[in-house]
1. In region 37-77, carbon and sulfur make up what percent of the accessible area (probe 1.4 Å)?
2. What residue among 77, 9, 55 has its Cα farthest toward the positive end of the dipole of the chain, where the charges are +1 on Lys, Arg and -1 on Asp, Glu, each on the Cβ?
3. Can you give the angle from 0 to 90° between the axis of helix 31-40 and the longest principal axis of the chain, with both taken from C-alpha atoms, to the nearest 10?
4. Would you mind checking the tilt of helix 11-24 against the longest principal axis of the Cα atoms of the chain, expressed as 0 to 90 degrees and rounded to 10?
5. Could you do me a favour and compute the accessible area per residue for the chain, 1.4 Å probe, result in Å²?
6. Any idea of residue 18's accessible area? Nearest 10 Å², probe 1.4 Å.
7. Counting only GluC sites (Glu not before Pro) that are in a DSSP loop and have at most 12 other C-beta atoms within 10 Å, tell me the longest site-free stretch of the chain.
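The values are calculated or read from the model by the stated rules, or taken from the named source; none is laboratory data. Here the structure is a predicted model, which is why all the values come from computation and not from measurement. No Cβ is skipped: glycine too gets one built from the backbone with ideal geometry, and neighbour counts run over all protein chains shown. Accessible surface is based on the protein model in full, side chains and every heavy atom, while ligands, DNA and RNA are left aside. Shrake-Rupley method; radii C 1.70, N 1.55, O 1.52, S 1.80 Å.
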Amino acid sequence: MTVEIRPCADEGEFADAFRAVYAAFGEQAEDADVERAKATMPVDRVLVAVDSGRVGGGAAARPCSLSVPGGELPCPGVT
């Protein structure tokens with residue numbers, strides 16, 4: 001069995017990855033949960049795990065900011 005890790009191709013794969021991650025924590029993601037996540041997590045910052053043509057997991061780097069002396073700096077929020 002070979003699992004391919006690659007960038008998310010589109011919003012459909014994003015939804016599949018998001019639902020798979022939710023399922024790993026024993027939850028079921030509703031459409032509203034997926035839409036809320038899309039609003040804060042750009043698809044181009046998501047990786048998907050694909051096995052036999054199906055998305056079975058994912059990881060992402062949500063855009064965040066970090067407070068530092070004198071201001072803020074951009075940083076990834078890894079999920």
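1. Working: 1490 of 2530 Å².
Carbon with sulfur: 59 percent of the solvent-accessible area.
2. 77
3. 40 degrees
4. Here the helix axis deviates by roughly 90 degrees.
5. Working: 5370 Å² over 79 residues.
Accessible surface, normalised per residue, equals 68 Å².
6. We get 40 Å² for residue 18.
7. On the way: sites that count: 27, 30.
That would be 31-79.
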